[in-house]
Amino acid sequence: MKNDILKYLRDKEYISGEVLAKKLGVSRVAIWKQIQRLKDIGYKIIADQNLGYYLISRPDLLLPQEIQNGLSTAYIGQKIYYFPELGSTNIIAKEKALRREEGVNEGTVIIAERQSAGKGRLGRKWFSPEGGIWLSIILYPQLSPSYISLITLMTAVVVVKAIKRYTQIKAQIKWPNDILINNKKVCGILTEMSAELDMINWIVIGIGINANIDYREFPEDIKKSSISLKEILGKEISRVRLVQIFLKEFERYYELLKRWEISLILKEWKLYSHTLGKKIKVNIGEKVVTGEAIDINEKGALILKKKDGELIEIISGTII
Ligand code: BT5
């Protein structure tokens, strides 16, 4: 009912409790209770005895009703689970995907205002205080597991596009999952999946964007290598707006990927790449390989040209 009340309160005009109650088919007391709840979570609403309720301002929170207001996607973000605090959105998303809980369909989003145990790759930690955008998307694509790298690349392209569209800032992609601005990390992507030999069961894509974080907040060990959008712009952004743009673009690109129309994704990835053309060292688990990053292929693998001219394909790794 909160969502319905907000719909009517959106007009920036007074609306009486009586009219609201009639429109929603409930009592005036029920409306009053919901208004109190909205106030509790940060909506500023004034109540005038004669004129009714008036919405002054919304909280700066990533509430589902705020994100979904005007979100023109078919399925991405149409179901959102919201948590003020959580260990990790990826962990909850994986639990939900695994159990295939009712209502947890393709495009379900888990979002948290802060994470107490945010995850990076390979057991690394992700610093996730209030003010950031920490979310995970659940997908059930009928694709082969070999698509997994492409999904990460695609997500990176979408993050860069969303940041550009909203802030005009040109971010870059450091293979495979970092988004950089001025050579510093503004966003990380963590893709996890469960698959059979030839079919993906589910994918969870975790996206962490340093949106409204003060640079003084970053822990010492990552202070020099991290950046936030607030720091670059000198002011806070509307996280809700950025999430809306991101989800919309995500659905568009994911649809392309599912139809195997990957040329645009690869083209844009190359355009935004921070990695191609550079001499790099990549830790691929059992060893470190060195060479020039010359291309990305249809599987989303990085092509490295070694000193002796040999070309190698790297599906996953960490640039050091
Ligand atoms: C990543 O791992 O970059 C993936 C990060 C994914 C985070 C999202 S938030 C929503 C969802 N839920 C989760 O629990 N996770 C996902 P990796 O490439 O392994 O990079 C991790 C490294 O980045 C750390 O070891 C730090 O050096 C650095 N780091 C940690 N927090 C950071 C931050 N907020 N900004 C920039 N760098 C950070």
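Of the residues making up the stretch 190-212, just one is near the ligand (Cβ under 8 Å from one of its atoms) and surrounded by fewer than 24 Cβ atoms within 10 Å (Cβ to Cβ), namely LEU190. Within the stretch 180-231, track down each residue that is of a type in the set (A, V, I, L, M, F, W, C), in a loop (DSSP other than H, G, I, E, B) and closer than 26 Å to ASP60 by Cβ. Answer for the stretch 180-231, where residues must be of a type in the set (A, V, I, L, M, F, W, C), in a loop (DSSP other than H, G, I, E, B) and closer than 26 Å to ASP60 by Cβ: ALA211, ILE213, PHE218, ILE227. Filtered by the rule that a residue be at pLDDT 90 or above and part of a helix (DSSP H, G or I), the stretch 5-21 gives GLY17, GLU18, VAL19, LEU20, ALA21.
For the stretch 1-55, a residue qualifies if it is surrounded by fewer than 16 Cβ atoms within 10 Å (Cβ to Cβ), in contact (Cβ under 8 Å) with a residue 40 or more places away in the chain and in contact with a Leu (Cβ under 8 Å, 6 or more places away or on another chain), and the qualifying residues are LYS2, ARG10, LYS12. Inside the stretch 279-320, counting only strands (runs of 3 or more DSSP E) that do not spill past its ends, which hold 3 or more residues that are hydrophobic (A, V, I, L, M, F, W, C) and either touching a His at 6+ places or on another chain (Cβ under 9 Å) or surrounded by fewer than 17 Cβ atoms within 10 Å (Cβ to Cβ) (or both)? Of the strands (runs of 3 or more DSSP E) lying wholly inside the stretch 279-320, those with at least 3 residues that are hydrophobic (A, V, I, L, M, F, W, C) and either touching a His at 6+ places or on another chain (Cβ under 9 Å) or surrounded by fewer than 17 Cβ atoms within 10 Å (Cβ to Cβ) (or both) span 288-296.
ILE163 meets all of the listed conditions (1) part of a strand (DSSP E or B); (2) within 15 Å of the ligand (Cβ to nearest atom) but one, namely (1). Applying the set (1) part of a strand (DSSP E or B); (2) within 24 Å of ALA93 (Cβ to Cβ) to PHE250 leaves exactly one unmet item: (1).
Every residue, every condition in (1) crowded, with 16+ Cβ neighbours inside 10 Å; (2) within 16 Å of the ligand (Cβ to nearest atom); (3) aromatic (Phe, Trp, Tyr); (4) within 20 Å of ILE179 (Cβ to Cβ), yes or no:
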site	(1), (2), (3), (4)
GLN68	yes, no, no, no
THR73	yes, no, no, no
TYR82	yes, yes, yes, no
ARG99	no, no, no, no
THR108	yes, yes, no, no
GLY118	yes, yes, no, yes
TRP126	yes, yes, yes, yes
LEU143	yes, no, no, no
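The combined condition, being over 13 Å from the mean Cα position of the chain (by Cα) and either within 14 Å of the ligand (Cβ to nearest atom) or crowded, with 24+ Cβ neighbours inside 10 Å (or both), is fulfilled by LYS174.
Residues that are among the basic types (Lys, Arg) number at least 3 in the following helices (runs of 4 or more DSSP H) confined to the stretch 22-104: 28-40, 89-99. Once the stretch 213-231 is narrowed to residues that are of a type outside the set (Val, Ile, Thr) and surrounded by 22 or more Cβ atoms within 10 Å (Cβ to Cβ), the residue that is nearest to the ligand (Cβ to nearest atom) is SER228. Can you tell me which residues in the stretch 37-57 are of a type outside the set (Ser, Thr, Tyr) and closer than 12 Å to ILE5 by Cα? If the condition is that a residue be of a type outside the set (Ser, Thr, Tyr) and closer than 12 Å to ILE5 by Cα, then ARG37, LEU38, ILE45, LEU55 are the ones that fit.
The values are calculated or read from the model by the stated rules, or taken from the named source; none is laboratory data. What you are looking at is a predicted structure, and each value in this text was computed from that prediction instead of being measured. Using ideal geometry, Cβ is built from the backbone for each residue, glycine included, and neighbour counts are taken over all protein chains shown.
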